[in-house]
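The values are calculated or read from the model by the stated rules, or taken from the named source; none is laboratory data. A quick note: this is a predicted structure, and the numbers were derived from the prediction, not measured. Note: ideal-geometry Cβ built from the backbone for every residue, glycine included; neighbour counts use all protein chains shown.
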C-alpha cells in the first residue's frame, strides 16, 4: 500500500485534488493521507473542515502556517513556517508520495519538505507559464519533483524540456474537469437554492443572464492591485447587469483587492451584485456554466470555461502564457475596455466545448500511475 | 549605486564569493552588502567573523539559522528558518541584487526570500549536475534566478536549456580560481608556518609528499555515511603516508562522518595525520597545490585540482556528473580501491593545468555584468 | 540618552502606551523607539500605520508574528514566532529599556526576548488579577521584569508580594486616563462627524442615549465563545436601543465571536446598531463618555468607565479579580440577565468619577522614572 | 489513566526526571509519555537515544529546537522555536500533565506551550534562587504552573509566597537523590571499568584521591566565561592532582568555556586529567562519591554533594542563593583562591550526610501526587 499524501491549502487546489483523492481512496493499492492547512482552515476563506466541504475524507493533520499580513514579507515568512511545519508532519505521517499542485508559494514549501526527506514528490499542473513569481515557483517545483502530471500537451512538452525524464511525465488533463464532467450542470434548481442560502447582496437567479467576476491580486504587481480592482469595479458598476462576485484568494495583495471591494460596497447603493466568499467546485461549476460571461483573472476563466464554452474576459497579466481556447478575450486593466469586452462576449453567447485541458478522467489516470510508478529518488537532469 | 548582497554561509562558498566581493567592492557603481550566516558563524566550522577570515569586508548582518542535529529533518527546518530570517534581513538591507551560489539547502532559502520580495537574484555555478537532492536544489535556484554565472560551457548550455534567456547567462568560470591564480603557490614557508600553528596531530611539512583528504557526508545516502568514512579511514590508515585531513562541512550526515574520524583518532595511535577544522582558501590552495594527491569527495578535487593539475582520487557519487579533467580517477567507497588509486596517482605525479573551469578573472567579469545588467524581474520561460 | 522601546501590538495597548510615548519623546534624556507589530498591522483590526493612528510617532520597525487561526495552537505558535522576531529586532535597535504592558501572549514573548538579551524590562499594569491564562502571563512577566508600573495600590502591593524589590515598584495609575483627562469629552460635534465617516450600519448620534458594546473572546473558555456572544446579541436585539458595537480583538476565540456577529448581521434586518472595527482612544473616550451604558467584557468597562462614571454591565469572567468602582454591575452570560442589568444601569444614569485607576498624569511619571531608575539586571527575589 | 509527559532536554534534567519517570511508569493510574529534545539529541552532549541512556523508556517524539550559536540571541530564538515545536507535539500527544524542571530557557517554552493549550503544568525544583536570568525563568515558570514540587523547605516557602495555593505545593526533595540512594556507591570496580572505556586523557582510577571539575558558562556574565574557565584551568594545572573533568552544558557561553578547555588541552602536555563529555547519573554519582573534592559551579556541588558529604569548592555566582550544607566553600573566579580552597577541602576530607535536599524517595511521592491531584486550570494568585 502506497501512502499518498494530499496537502489541501485552498479551495482552488482542493477542487483539483478532489477527484484525484477520490480515485486514490478507491484504489486497492493506495492509501489516502489528508493534511488541511493554511487558507483551507480559515473562516474568512471558508473553513474546509468546519464547513463540511471535505465530505467523505478524514483529516490526518491540520497545519497553520499563514502569517497575517498578506504582503510579500509575510508570504515569504509563511513559506518558511510552512516548510518547518510540513517537515514535522511528513516525519510523522511517513507518506510514500507527496502531492503538490500548480504554483502557490506554499507548494514550494511542501515540495521542499518532502524532497529534503527523500520522499517522492508528484506535481500536478507543471509546465504552465503564468508570467510572475508564481511561474518561477512552478518551474522550481518541477525541478524538485519526481513525477509530473501536466494538464496539456504544451505543458508536458515544457516539463520535458526542463530536463525531466520523459517516462516521469504524464499529460492527464486538468482534474477539475473530472468533477465538472460528472455534474448535472443544468440542475439549476438545487444549486440555485443552495446559493440563495449563501453570500450576501442582491438576489441573483441562475436563470438570469448574469456576469461572474473573480479577480485575484497579482503578486508581482503588488502596488497596483487596488487600481486594478477599481477598474474592474467601475466596469461592473457601469454595466449594471446581474452579477455574482467571488472574493479573491489570500495571495500577497489580497488586502488591497478586498479593500477595494469593501469600499465600493459601503459607499454605493447597488442592488445587482451578490458576493460569495467561497464555493465548493460543485456549485461553482454550475454557476460558471450558467454565466453569460466570466470576467477577471481566475484560471477558471481559461480552463474550465474552455471545457464549458463559457465566454470569458481575461483581465491583465495574471494568466499570461496559459493556453487558451477560442472563448477567451484578453483585455488590460482599463474600465472601458473591460466593459466593452464583456458586452461583446455576452452578445456572442456560448462557445463549443474544447478538450485542450482534458476530458474529465484525470483522477483515475493519476491514481493508476501513482500505484505503479517506479520512483527514482536520485533524479538527474536529462541533458 | 547598485547594492549587491552576499550571504556567506560556509568556508566553501566564501572562497568563491571572495574574489567577486573584492571586485564588487572596487567597482565604482556597486555597493557591497555582506551577511554572515549559518555555518560561517560557528566555531566548529571556523568562525569567519571572529577568526578574521573576512579581512577587509565589513559585516552588515549576522544570521543564525542552523538547527542542531545535522539530519534531513533539521536540514529542512533550517531551510525554513533561513527563509524567515533572510526575509527580514533583505527587508532591512534593501539590496538591488542578491547573490546565491551552487546548491546548498540554505541557498534555496536565500533565493526564495529574495524572489518573493521581487529582488533580482544572481546565481553562480548553476547548470552543474551532482546526482542528489543538491542537484534538484541547484536547478530549482536556476528557475527562480534572474541572472546566471555558470562556470563551464556545459553548465551554461544546461542553464539555457532550462528555459533561461540566453542574454541572462554568462559563462565566467569558477571564481575560486581568481584567488588561486593570484597566489604565490610556491610560497611554502609562510603558509607552512601558518599551518603549523593550526590543526592538531602529526607535524606535516609542505615539502612532504603528503596526501590531502576531505570527505563530506553524502546527503542522499544518509545512512551510509559512517561506512563511507570508515572505508576511507581504512585506506589512509593502511597507506601510512603523511596526511592532511580536513573536517567535513555541516550537511546532513556530518555527525556520522565526524564520529567516524573521532573514533579512529581516539582508538588508534597514529602519528602521520594532521587534522584541520577549516582553512582560508589562500592556505588551502597552497596545501592543495603541494599535495601529492587529493582524495575524498570535495568539489575541489574536481575543479581547483584541474587548474592546478593535482592528482585526484574522487570517491563515491557526491561529484557525479561534474565535468572532469584528466587528473581525476573515480573509485567507489571501498578501502582497497581507494588505497590503490591513491598509490597510482601519487606515482603518476602532477598533471598539466586545465582551463575548463576558467582562467582566474571571474570576479571582475561578474562585477561588470552586475553593474550593467538590465534585470527583468518578470521572468518567463523561453519556450 | 536612554533608548526606550515600545512594541505596539493592539489598539488597546497603544491607547495606554501613547501618553507614555509622548512623555518619553518630550523627555530630554530619553529617546523613543517604536515597533508596530501583530494586530496593529492588520486591516481587520485597523492598521495603525496606514490609518494614521500613530500621528507624530515614527515607526522604527514592523513585525508580523500572528499566525492565522485564532485558537490556542496558533496563539502559542504566534508567541514562539514573536519571540524569534523580537529577538532580532532588539538585537538591531539595541534599546536600553523595553516596555511591556498587561497580559497578552505576545507581551510574554517581548519580555522574554528582552530579558534573554539582558535588556532591562519595564512592565505597565502588573499585579492585577484576571482569572485566566492571561493572569499567569501577567505574573510571569512581572517575574522577568526589572521595573514595575502597576496602576492601582492593590496591584502594586501584589507585585511587592511577588518578591520584587519595593524600590522597583511605582504605582502610577493607568496611562489611558492621561489621554482622557486631556480631551474635551463634551466635543460631540467633531467626534460625531468623524464617527459618521467610519463604521457601517445605523446612523447613531452622540446625542442619542446609546448603548456601547464590546465583547472579546474568553481565551480560557475557548469553546463557549460563540454561545457567549449569542447571549449578548440576544439581549441587545431585544433592547432595540441605539447601539454602538466594536469588533473583538484578536485573541484565541475571536473567530467564533466574529462569526456570531456576522451571522446576526446577515440574517437580521436591524437598523439600530452601528459597527466599528477599531477606534483611536481619542474618539473611543468620547464615545464611552457619552454612552448611556457600556456592556461586555472589555477592561474599559472597569477602568476608564470608573474614571468617567459611565454605568457599566460587565459580562462573564474575563474581568474577574480586577478592582471595580461603584459603576460596575456583574452578570453572567445569560441574555435575560444582561438585558435587565443594562436597563437598570441606563435608568440609574452617570456615577461620580473614581480615582482608583489614577488621575491622568501617568505618562510623565513613568518617563521621569525611566530616565533615572538604576536598573539591576541581576534581579533576585526579595525573600 | 493520566498521561504524564516528560520533555527530556539535557543529561542534567534527565538525571532528575528518571526516578520520577520510573515511578510514573510503575504507577497503575499513570501513563508515561517521553519527548527527547534539544541537547539530549546531540552527539556532542551525548545522544540519549543512540547512546542507550534511556534504557527502559520508549521515546514518543524527538524535537530539534537548538539553533547553533550558543549565545543570548540563539538562546532566545531557540526558545521561540521550542515553543512552536512543543505546541505541535502536545497537540498530538494530548498529555494530561506536562512536567517541567528547574530554570533552563527551554523549560519556559515547554511550560508556555502547555499552559496556552490549557494543559496542567507541574514544576520540579521551583522556588530556588540562583541570581541570574535563570532565576527569572524559574519564577516565571512557577507563575504559569499548576502543581509544584520544590526540593527544600525554603524553596517550598518561596513558592507559597509567590502566590501559589498551599495545596498545590509539595516539598518532595530532589529526585536525583533517589537514584543515588539506590546505588551501591562503593562499587568501584564496575563503574571504574565502565569509565575507562569512556572519556579521553589520563588513566584515572576511582581509588585515586582525584579532583572532580565541572564548570558551566554563566549566562548573565556572558563575556567573562573565557576568563572564568581560564582561572579554573590555571588552578587545576597548578595542583597537578588526578582530575576528572566534565564538559560544560549547552547554555549561552558554552563555546567560550569549551574553547578554553580545548586550547589548554592542545597547548599543554599534561597527563593527570581525564575528560568526559557526558555521564549517566549512575556513573556520575559513583564518581562524585569517590572524589576527594568537587570544584566548579555545577548544582551537584551543592545538592548531591550535600547528601554524599563530598567536600565542594563552589566557584563564582552561578549557584548564588541556593541552600548549602556545611560541605561547601565559596570562592570567586581567582586561580589562587580556587587552588587553596581545593587544597583545604581535600585535607578536610568527607563531611556528614545532610538531608536538606531530601532522602531519596521523591519519585514515588511525585507519582502519587500526580495521580490524585485535583488540577485547577483556572489558577489565580492567592492574594
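Things to note:
- Breaking point among (1) in contact with a helix residue (DSSP H, G or I) (Cβ under 6 Å, 6 or more places away or on another chain); (2) under 24 Å from residue B:330 (Cβ atoms), for residue B:191: (2)
- Filter result for residue B:207 (buried (at least 20 other Cβ atoms within 10 Å of the Cβ), in a loop (DSSP other than H, G, I, E, B) and modelled with pLDDT under 90): no
- Against the conditions (1) modelled with pLDDT of 95 or more; (2) within 11 Å of another protein chain (Cβ to nearest Cβ), residue D:34 satisfies every one except (2).
- Qualifying residue in segment B:49-60 (condition: surrounded by fewer than 21 Cβ atoms within 10 Å (Cβ to Cβ), part of a loop (DSSP other than H, G, I, E, B) and within 14 Å of chain A (Cβ to nearest Cβ)): no
- For segment A:101-125, a residue qualifies if it is more than 7 Å from every other protein chain (Cβ to nearest Cβ) and outside any helix (DSSP H, G or I), and the qualifying residues are A:101, A:102, A:103, A:104, A:119, A:120, A:121, A:122, A:123, A:124, A:125.
- Of the residues B:294, B:338, B:342, the single one that is closer than 19 Å to residue B:206 by Cα and touching a helix residue (DSSP H, G or I) at 6+ places or on another chain (Cβ under 6 Å) is B:294.
- Any hit, segment B:184-204, residues being away from chain A (no Cβ under 14 Å), closer than 22 Å to residue B:324 by Cβ and within 24 Å of the chain's Cα centre (by Cα): yes
- Residue match in segment D:164-177 (condition: in contact with a helix residue (DSSP H, G or I) (Cβ under 9 Å, 6 or more places away or on another chain), surrounded by 24 or more Cβ atoms within 10 Å (Cβ to Cβ) and within 9 Å of chain C (Cβ to nearest Cβ)): no
- Selection of segment A:67-84 for residues being surrounded by 24 or more Cβ atoms within 10 Å (Cβ to Cβ), more than 8 Å from chain B (Cβ to nearest Cβ) and in a helix (DSSP H, G or I) yields only A:78.
- Meets criteria (farther than 28 Å from residue D:256 by Cβ, crowded, with 21+ Cβ neighbours inside 10 Å, in contact (Cβ under 8 Å) with a residue 40 or more places away in the chain and out of contact with any helix residue (DSSP H, G or I) (no Cβ under 7 Å at 6 or more places or on another chain)) for residue B:17: yes
- Comparison of C:248, C:242 shows that the only residue that is in contact (Cβ under 8 Å) with a residue 40 or more places away in the chain and either more than 23 Å from the chain's Cα centre (by Cα) or outside the structural domain of residue C:40 (by TED's automatic domain parsing) (or both) is C:242.
- Criterion (within 14 Å of chain B (Cβ to nearest Cβ), closer than 22 Å to residue A:372 by Cβ and within 21 Å of the chain's Cα centre (by Cα)) met by exactly one of A:24, A:4, A:20, A:98: A:98
- Hey, residue B:303 within 30 Å of residue B:119 (Cβ to Cβ), touching a residue at least 12 places away in the same chain (Cβ under 8 Å) and assigned by TED's automatic domain parsing to the domain that holds residue B:197 or not: yes
- Filtered by the rule that a residue be touching a residue at least 60 places away in the same chain (Cβ under 8 Å) and either touching a strand residue (DSSP E or B) at 6+ places or on another chain (Cβ under 6 Å) or more than 9 Å from every other protein chain (Cβ to nearest Cβ) (or both), segment D:85-95 gives D:93, D:94, D:95.
- For segment C:129-158, the tally of residues that are out of contact with any helix residue (DSSP H, G or I) (no Cβ under 7 Å at 6 or more places or on another chain), within 7 Å of another protein chain (Cβ to nearest Cβ) and closer than 15 Å to residue C:320 by Cα stands at 2.
- The residue that is surrounded by the most Cβ atoms within 10 Å (Cβ to Cβ), counting only those in segment C:110-149 that are over 23 Å from residue D:126 (Cβ atoms) and either under 18 Å from the mean Cα position of the chain (by Cα) or outside the structural domain of residue C:20 (by TED's automatic domain parsing) (or both), is C:110.
- Hey, residue B:355 modelled with pLDDT under 95, within 20 Å of the chain's Cα centre (by Cα) and farther than 30 Å from residue B:42 by Cβ or not: yes
- Per the conditions (1) in the same structural domain as residue A:229 (by TED's automatic domain parsing); (2) surrounded by 17 or more Cβ atoms within 10 Å (Cβ to Cβ); (3) not in a loop (DSSP other than H, G, I, E, B), the sole criterion not satisfied by residue A:336 is (2).
- Residue match in segment D:20-34 (condition: crowded, with 23+ Cβ neighbours inside 10 Å, under 22 Å from residue B:70 (Cβ atoms), in contact (Cβ under 8 Å) with a residue 24 or more places away in the chain and not assigned by TED's automatic domain parsing to the domain that holds residue D:284): no
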